[in-house]
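Here the structure comes first, spelled out in C-alpha cells, and everything after it is commentary.
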Amino acid sequence: MSREELVQRYQTALTKREIKTDEGLQAAAIIAAQAAQEGVTCALAGGVAMHIYGYARATEDVDVLASGLIALPAKQQLTFGGASHLVQVGAQTVTVDVIVRSDFFRGFYEAALRDAQPLPNGLRIVTPEWLVILKFLAKRSKDVLDLLWLLREPGLVDRTRIRQLLESVLGQTGAQVALAGLETYYVQAAVMAAGDENGQPT
C-alpha cells in the first residue's frame with residue numbers, strides 16, 4: 001500500500017460514523033410519520049432491523065421499505081428504485097434509504113412490506129424469513145454475512161415459512177429453484193452453528 005492510499009483510507013475512516021440502534025429507530029420513526037401522512041406504508045429493514053433481531057453489526061444508514069416515494073428533499077435517487085433522505089436526529093444527520101423497488105425484485109419487496117410486523121414503538125419491521133430472502137437476492141458481502149447469521153440464530157427463522165413465501169411470489173417451480181440456491185447457505189450456516197456449539201472457529 002502506498003503512502004497516498006494509506007492517507008486516503010485514513011481520511012475515509014474519519015468521515016464514517018456508525019449509527020446506533022436508537023438513532024436508527026428515531027430516524028426511521030421520522031420517515032414513517034411522514035409516510036403515514038402521505039398514505040405510504042413502510043417497514044424497517046437493513047442493518048437496523050438486524051440490530052433488532054440481535055445482530056449488532058455496523059451500519060451507516062437506515063433502510064426502509066416503502067409502498068411509494070415520500071415528499072421530502074432527496075439526497076439522491078436509488079438506482080433500483082427509491083430515494084435517500086437526510087434526517088436530523090439530535091445533533092446527528094442520518095441517511096435513510098426509502099426503498100421502492102422498480103426492478104425485477106419488486107414483487108419480493110412488496111410482499112415483504114405487506115408481511116411486516118409491528119414493533120412496540122409503532123414502527124413495522126420486515127420478518128426474519130423475508131430478510132433471509134431479500135439478502136439472498138442481494139448477495140453483497142454484508143448481505144451474505146447477515147443471511148448466515150439469521151440462519152444460524154436458534155429459533156429465529158422458519159425455513160418452511162421461507163418456502164411458502166417464495167412460492168407466493170415465484171410459484172412452486174420457481175421456489176424450488178431459489179431453494180436450491182439457498183441450500184448452500186443452509187449448509188454453511190449449519191456448519192458455522194456446529195462450530196459455535198463446539199467452541200471451534202468456522
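The values are calculated or read from the model by the stated rules, or taken from the named source; none is laboratory data. Everything numeric here is computed off the predicted structure, so don't read it as measured data. Cβ sites come from the backbone with ideal geometry, for glycine too, and all protein chains shown count toward neighbours.
When VAL191 is tested against (1) of a type in the set (Val, Ile, Thr); (2) at pLDDT 95 or above; (3) assigned to a helix (DSSP H, G or I), exactly one condition is not met: (2).
Okay, residues lined up against (1) in the same structural domain as SER67 (by TED's automatic domain parsing); (2) of a type in the set (Ser, Thr, Tyr); (3) in contact (Cβ under 8 Å) with a residue 60 or more places away in the chain:
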{"residue": "ALA91", "(1), (2), (3)": "yes, no, no"}
{"residue": "TYR109", "(1), (2), (3)": "yes, yes, no"}
{"residue": "LEU113", "(1), (2), (3)": "yes, no, yes"}
{"residue": "LEU150", "(1), (2), (3)": "no, no, yes"}
{"residue": "LEU166", "(1), (2), (3)": "no, no, no"}
{"residue": "GLY181", "(1), (2), (3)": "no, no, no"}
{"residue": "GLN188", "(1), (2), (3)": "no, no, no"}
{"residue": "ALA194", "(1), (2), (3)": "no, no, no"}
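Of the set (1) under 18 Å from ASP22 (Cβ atoms); (2) within 13 Å of the chain's Cα centre (by Cα), all apply to THR127 but (1). Say whether the condition of being among the β-branched types (Val, Ile, Thr), farther than 30 Å from ALA36 by Cα and surrounded by fewer than 20 Cβ atoms within 10 Å (Cβ to Cβ) is met by at least one residue in the stretch 162-180. Checked the stretch 162-180: at least one residue is among the β-branched types (Val, Ile, Thr), farther than 30 Å from ALA36 by Cα and surrounded by fewer than 20 Cβ atoms within 10 Å (Cβ to Cβ).
Within the stretch 141-180, being closer than 17 Å to ALA112 by Cβ, in a loop (DSSP other than H, G, I, E, B) and not β-branched (Val, Ile, Thr) holds for LEU156, ASP158. Exactly one residue out of LEU134, LEU145 is surrounded by 17 or more Cβ atoms within 10 Å (Cβ to Cβ), within 13 Å of the chain's Cα centre (by Cα), in contact (Cβ under 8 Å) with a residue 60 or more places away in the chain and outside the structural domain of THR79 (by TED's automatic domain parsing): that is LEU134. The residue that is surrounded by the fewest Cβ atoms within 10 Å (Cβ to Cβ), counting only those in the stretch 107-118 that are in contact with a helix residue (DSSP H, G or I) (Cβ under 7 Å, 6 or more places away or on another chain) and farther than 12 Å from ALA66 by Cβ, is GLY107.
Criterion applied to ALA43, ALA83 was being in contact with a strand residue (DSSP E or B) (Cβ under 6 Å, 6 or more places away or on another chain) and closer than 23 Å to LEU150 by Cβ, and the one residue passing it is ALA43. Taking the stretch 73-106 as the range and being more than 16 Å from the chain's Cα centre (by Cα) and farther than 22 Å from LYS20 by Cβ as the test, the residues that pass are PRO73, ALA74, GLN76, GLN77, THR79, SER102, ASP103, PHE104.
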